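*Asks:* Let me give you the structure first, and then I'll get to my questions.
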Amino acid sequence: MKTFFTLFFSFCSLLAVAQAPVNDDCAGLIDLGVVPFCSNPAQYTNVNATTSVIAVPAENIPACFNNEADRDVWFQFTLPADGSIVDINISVFGNVFGNGTMQMPQVAIYRGDCVFGGLAELDCAAAPLNVNQVSLEQFGLTPGIPYYLRINDYSATANPNAGTFRLCVEEYVPDINMGDVAGTESCSGTLWDSGGPDGDYTSNENLNFTICPQDFHQCIIINVENYNTESGFDYLSFYQGEDVSGVEITQIAGNGQDFQVQIAAPCATINFSSDGSVVSDGFQITWVCSPDACVSPPLTTCADPVVISSLPYTANDLSNCFSGNSINGGPCDSDEAFLAGNDYIFTYTSPGDECVTFATTGTNNESGLGVYDACPSGPTANCIAGTGFGISNPTLNAVFLENPGTYYIVYGSGDDCSPFNISVNTVTCPVVLPPASTCDAALNIGGCSTATPQIITVLPGAGAPGFIQQGVNQGCLVFPQQNYTFFYFVAGADGKFGFAVEANNPAEASDIDFNVWGPINTVEEVCDH
């Protein structure tokens, strides 16, 4: 008796673990009620479901179900009796955007009754291999009568892809050509360029399209299915909010597909701009809204930067692809075109009087790095150092942070977006001298002794227009010169001497000239020689 009891208890436990869903068969279906309807993420499951038998074998499996319906579950819905909805879109979301765990879902729609041979298949759709969501559009359905949905996963191997999923049956929203309407309140849809599926966009466009879903959502998920625009001139840009005054999340141009943008805001705005020359095929964009929070990285802006709390600092596997485009230029004289696109912004609060090196690795070829004493887009910002634009792995060596306070470090890659790693560390400062733009303020750089620094860094001079005069003190300098610094030194011994001059950033294109006057008997004579 003890043995029988133990075996019986174990058998019941196994049955509980493997229990089939309540809607395993058509007779136990879940009624979704009158559409529109959208479930919660992962609300339904087909785990442990079994094959339904609704007709003779030749008609039992839906036409697109890849010859299997091993784990099918059933639902029913009804269109409003007043005929306000007759065209619908059915969507099954599995392992995408946190909506569930099912992979490669399939869905079929029937009309009729849940008796053997009583259902007629109207249509079906199956997700492509390794795609975990599927949609099915139906037009001209009859109001007030029930329709049946059969949902199953597909597996190309012996391992099932069953799991949880989200199910939506909503009013069909026709595809929209950009420029035809200003926006939509729909939670899903398709947007084409102004030329539609078969035509090109035109020159000199500047079009906006705003998505403000009325359904509850925390994230608008926009997918650029494919795009073909003139690289560097015709842009798709994505903003938080009801217009382009919101934060720009990112922008793209050129060719690509399956580019996803997640926007954590009540509304999202898409802008397309083209110049006056080449036009191309354009783009196709789809969107859905999700009640779950977005999973994309947060924006980095001057108001919400990544804070470097202490040095040394290292961060790997970063990207400016979705860091936002909140800065478009800065105060450095070097080429700051790297700020034209997405900006990844750090801040570091320095005690002052320290030298810091900033190094990046793993970047694209078109990158740049800048350091500023305020947000570079602000009116009070000064350039501390900049690499210019158009290099890979930009690095700033021995940047002198003279004053205590917060400094802004910005990485960008122009119109492109790029992965990158960054390291920041303190280094022993070289001697840093202020510019001396007139002869009477010449800088004493010491004598020829072992105490003389090997490297002397000079901040850029502003020049004194008119100080260098042809035939007077021009020397070998090409006329005119507007940005210069004067030095003098006293030799500690007889002999030869030499010096070299280079840009603070050797990778930066520069034009440096130098001139030597002397020997001079006294310091007082230096400006008359």
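*Asks:* What number, in percent, do you get for the relative contact order of the chain if the mean sequence gap of Cα pairs under 8 Å and at least 6 apart is divided by its residue count?
*Replies:* 9
*Asks:* Return the equivalent ellipsoid semi-axes of segment 68-180 as a descending list in whole Å, where each equals the square root of 5 times an eigenvalue of the C-alpha gyration tensor.
*Replies:* 25, 20, 11
*Asks:* Then there is this: Can I get the semi-axes of segment 297-448's equivalent ellipsoid? Compute them from the C-alpha gyration tensor as square roots of 5 times the eigenvalues, in angstrom, largest first.
*Replies:* Taking √(5λ) for each eigenvalue gives 28, 17, 15 Å, largest first.
*Asks:* I want the local charge near Ile61. Using Cβ-Cβ distances under 11 Å, sum +1 for each Lys or Arg and -1 for each Asp or Glu among the other residues.
*Replies:* Neighbour charge sum, excluding Ile61 itself: -4.
*Asks:* Which value, to two decimals, describes the C-alpha radius of gyration of segment 347-404 once divided by 2.2 N^0.38 Å?
*Replies:* 1.18
*Asks:* Note the angle between two axes, namely the Cα long axis of helix 2-17 and the longest principal axis of the Cα atoms of the chain, as a number of degrees from 0 to 90, rounded to the nearest 10.
*Replies:* Between helix and principal axis, roughly 60 degrees.
*Asks:* Given 0.36 nm per residue, what is the gain on full extension from Ala182 to Thr380 after removing their alpha carbon distance, in nm?
*Replies:* Full extension of this stretch gives 67.5 nm more.
*Asks:* What percentages, rounded to whole numbers, describe P(r) for the chain computed over all alpha carbon pairs with 20 Å bin width beginning at zero?
*Replies:* 18, 35, 25, 14, 7, 1, 0
*Asks:* What does the helix-only formula give at 222 nm for the chain: each DSSP H stretch with n ≥ 4 adding -39500 (n - 2.57), the total divided by the residues, and the result rounded to the nearest 500 deg cm²/dmol?
*Replies:* -1000 deg cm²/dmol
*Asks:* Given R₀ = 51 Å, FRET efficiency for Val307-Phe489 by Cβ-Cβ distance, to 0.05?
*Replies:* According to the calculation, E is roughly 0.75.
*Asks:* What are the semi-axes of the equivalent ellipsoid for segment 281-339, taken as the square roots of 5 times the Cα gyration tensor eigenvalues, largest first, in whole Å?
*Replies:* Semi-axes, largest first: 28, 21, 11 Å.
*Asks:* In whole angstrom, note down how far apart the Cα centers of segment 391-407 and segment 249-287 are.
*Replies:* Measuring centre to centre over Cα atoms gives 34 Å.
*Asks:* Would you work out the relative contact order for segment 234-273, in percent, from Cα pairs under 8 angstrom that are 6 or more residues apart?
*Replies:* 56
*Asks:* Note the full-extension length gain between Asn206 and Ala18 as 0.36 nm times their separation in residues minus their Cα-Cα distance, in nm to one decimal.
*Replies:* That works out to 62.0 nm of additional length.
*Asks:* Can you give the net charge of the other residues whose Cβ lies under 9 Å from the Cβ of Ile90, counting K and R as +1 and D and E as -1?
*Replies:* -2
*Asks:* How big is D, in µm² s⁻¹, for segment 112-158 by Stokes-Einstein at 10 °C and 1.306 mPa s if Rh is the Kirkwood radius over C-alpha pairs?
*Replies:* 119
*Asks:* Pull out a ≥ b ≥ c, the square roots of the eigenvalues of the alpha-carbon gyration tensor of segment 218-261, then state rounded if a/c is under 1.5, prolate if not and a/b is larger than b/c, and oblate in the remaining case.
*Replies:* oblate
Every read-out reported here was derived from the displayed coordinates using simple, explicitly stated rules and does not represent laboratory data. Bear in mind the structure is a predicted one, so any value in this text is a computation, not a measurement. So basically every Cβ, Gly included, is an ideal-geometry build from the backbone, and we count neighbours across all protein chains shown.
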